[in-house]
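Asker: Just dropping this structure here.
The values are calculated or read from the model by the stated rules, or taken from the named source; none is laboratory data. Since the model is a prediction, treat every value here as computed from it, not as a measurement. Neighbour counts run over all protein chains shown; Cβ positions are idealised from the backbone, glycine included.
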Amino acid sequence: MSLKKWAVCTNNDGYPSSLERRKLYQVIPNDKSDPSGWLRVIDESGEDYLYSANRFMMMQVEAPVEEQLLALA
């Protein structure tokens, strides 16, 4: 079972250079000070930023696929 979380961007309105629709992003665990309803995502800059959770669909990624995804980062 994966310890990391992943999400597919479904809405990049207002963030076309930071998020790509239909792309899989790694989700970082929220800090206690982060507002609810937001996800901390590693975006196109390679850094983690907060985005509204309604921009994403959470996905389960099997361990072998996750290993390959992390190797690409």
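Asker: Can you find even one residue in segment 30-40 that is among the hydroxyl-bearing types (Ser, Thr, Tyr) and loosely packed, with under 14 Cβ neighbours inside 10 Å? Reasoning before the result, please.
Answerer: First, the residues of segment 30-40 that are among the hydroxyl-bearing types (Ser, Thr, Tyr): 33, 36.
Add one more test, that the residue is loosely packed, with under 14 Cβ neighbours inside 10 Å, and what stays is 33, 36.
Yes; the residues of segment 30-40 include at least one that is among the hydroxyl-bearing types (Ser, Thr, Tyr) and loosely packed, with under 14 Cβ neighbours inside 10 Å.
Asker: Among the residues of segment 22-46, write down those that are in a strand (DSSP E or B) and not charged (D, E, K, R).
Answerer: Residues satisfying the conditions are Leu24, Tyr25, Gln26, Val27, Ile28, Trp38, Leu39, Val41, Ile42.
Asker: Additional query: Among the residues in segment 47-64, are any without any contact (Cβ under 8 Å) to a residue 24 or more places away in the chain and assigned to a loop (DSSP other than H, G, I, E, B)?
Answerer: Yes.
Asker: Across segment 16-41, what is the total count of residues that are more than 19 Å from Leu70 (Cα to Cα) and touching a Lys or Arg at 6+ places or on another chain (Cβ under 6 Å)?
Answerer: The qualifying residues number 1.
Asker: In segment 1-24, which residue that is modelled with pLDDT under 95 and basic (Lys, Arg) is surrounded by the fewest Cβ atoms within 10 Å (Cβ to Cβ)?
Answerer: Lys4
Asker: Could you check how many residues of segment 2-28 are free of Cβ contacts under 8 Å to residues at least 24 places away in the same chain and not charged (D, E, K, R)?
Answerer: 4
Asker: Of the numbered conditions (1) modelled with pLDDT of 90 or more; (2) β-branched (Val, Ile, Thr); (3) in contact with a helix residue (DSSP H, G or I) (Cβ under 9 Å, 6 or more places away or on another chain), Val27 satisfies every one except a single condition; which is it?
Answerer: It fails just one condition, (3).
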